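Q: This is the structure, below, for whatever I ask next.
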Amino acid sequence: MTYVNIYTDRFSEPFRELMRNEYGKIILYTDKEFKDRGASWWNLIPISESTTMMRSSGQIRNYEVLLSYFQHSKREKDRIWFRDISEVGERLKRLVGDNSNFTVRATWVNESGTWGSTNVVWSADRDTYCWHNMYCEIEYDPDIELPEGTEVAMINFKLTFNIEEVYE
């Protein structure tokens, strides 16, 4: 049986590249519990996946992921923490809106193809479909347990999108 890791190949890696192109050199952590990672950082956690439609040649899957942004802030002294964190929210919401249907241009190499008894090695530039219908819910400053003395402004983005898998 052959298969593709749809989450990694069609979402996680292309989304990381999209974020790098927008925000520069960033790391998307996958911490399930709070870990202090510096002045500001991003965290990406898959929540759920469900098959929403079966087809004879594939299926459509619906995914939910939680993307969180953390920024150290002294709320009592810093009255602009919400403005700063909401600007991050608006920027990401626009990025998601502009890329709600996402395809990347990539070079694909097939080294296992055969033609008769002769191995054929070929490559081609092609568009690689990643996801469609992505939308974003924002939760500003969610209530989470933080270590004592830690002051962090946080914003959660629940990203929901579909990926169509076509069986090969």
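Q: Please determine, by comparing only the residues of the stretch 1-37 that are free of Cβ contacts under 8 Å to residues at least 60 places away in the same chain and acidic (Asp, Glu), which one is farthest from MET154 (Cα to Cα).
A: ASP9
Q: Of the numbered conditions (1) modelled with pLDDT of 85 or more; (2) under 19 Å from the mean Cα position of the chain (by Cα), THR103 fails exactly one; give the number of that condition.
A: Every condition holds for THR103 apart from (1).
Q: Residue check, LYS77 against (1) touching a strand residue (DSSP E or B) at 6+ places or on another chain (Cβ under 9 Å); (2) modelled with pLDDT under 90, all met but one. Which one?
A: Failing condition for LYS77: (1).
Q: Being modelled with pLDDT under 75 and not β-branched (Val, Ile, Thr): is that true of GLY116 here? If you could, list the steps in order and put the result at the bottom.
A: Numbers: modelled with pLDDT under 75: yes; not β-branched (Val, Ile, Thr): yes.
Here the answer is yes, as GLY116 does meet what is asked.
Q: Under the condition of being acidic (Asp, Glu) and at pLDDT 75 or above, which residue from the stretch 142-168 is farthest from the chain's Cα centre (by Cα)? Spell out the reasoning first.
A: In the first step, residues of the stretch 142-168 are kept if they are acidic (Asp, Glu); the result is 143, 145, 148, 151, 164-165, 168.
Add one more test, that the residue is at pLDDT 75 or above, and what stays is 143, 145, 148, 151, 164-165.
Details: ASP143: 22, GLU145: 24, GLU148: 30, GLU151: 26, GLU164: 16, GLU165: 17 Å.
Checked the stretch 142-168; the qualifying residue farthest from the chain's Cα centre (by Cα) is GLU148.
Q: Continuing with this model, one more query. Hey, VAL65 hits all of (1) part of a loop (DSSP other than H, G, I, E, B); (2) buried (at least 16 other Cβ atoms within 10 Å of the Cβ); (3) of a type in the set (A, V, I, L, M, F, W, C) but one; which does it fall short on?
A: Of the numbered conditions (1) part of a loop (DSSP other than H, G, I, E, B); (2) buried (at least 16 other Cβ atoms within 10 Å of the Cβ); (3) of a type in the set (A, V, I, L, M, F, W, C), the odd one out for VAL65 is (1).
Q: Name the single residue, out of those in the stretch 16-49 being polar (S, T, N, Q) and under 18 Å from GLU139 (Cβ atoms), that is farthest from the chain's Cα centre (by Cα).
A: Narrowing the stretch 16-49 to residues polar (S, T, N, Q): 21, 30, 40, 43, 48.
Then drop every residue that is not under 18 Å from GLU139 (Cβ atoms), which leaves 40, 43, 48.
Details: SER40: 18, ASN43: 10, SER48: 13 Å.
Selected residue: SER40.
Q: Which of the residues spanning the stretch 44-59 are surrounded by 15 or more Cβ atoms within 10 Å (Cβ to Cβ) and modelled with pLDDT under 90?
A: If the condition is that a residue be surrounded by 15 or more Cβ atoms within 10 Å (Cβ to Cβ) and modelled with pLDDT under 90, then GLN59 is the only one that fits.
Q: In the stretch 50-72, which residue that is of a type in the set (Ser, Thr, Tyr) and under 24 Å from TYR29 (Cβ atoms) is farthest from the chain's Cα centre (by Cα)?
A: TYR69
Q: Which of the residues belonging to the stretch 17-43 are surrounded by 15 or more Cβ atoms within 10 Å (Cβ to Cβ) and over 17 Å from PHE70 (Cα atoms)?
A: Scanning the stretch 17-43 gives a single hit, LEU18.
Q: Check off (1) modelled with pLDDT of 90 or more; (2) more than 27 Å from ARG94 (Cβ to Cβ) for THR2 and give me the number that stays unchecked.
A: (1) is the only condition that THR2 fails.
The values are calculated or read from the model by the stated rules, or taken from the named source; none is laboratory data. Predicted, not measured: the structure shown is a model, and the values here were computed from it. We place every Cβ from the backbone using ideal geometry, glycine too, and count neighbours over all the protein chains shown.
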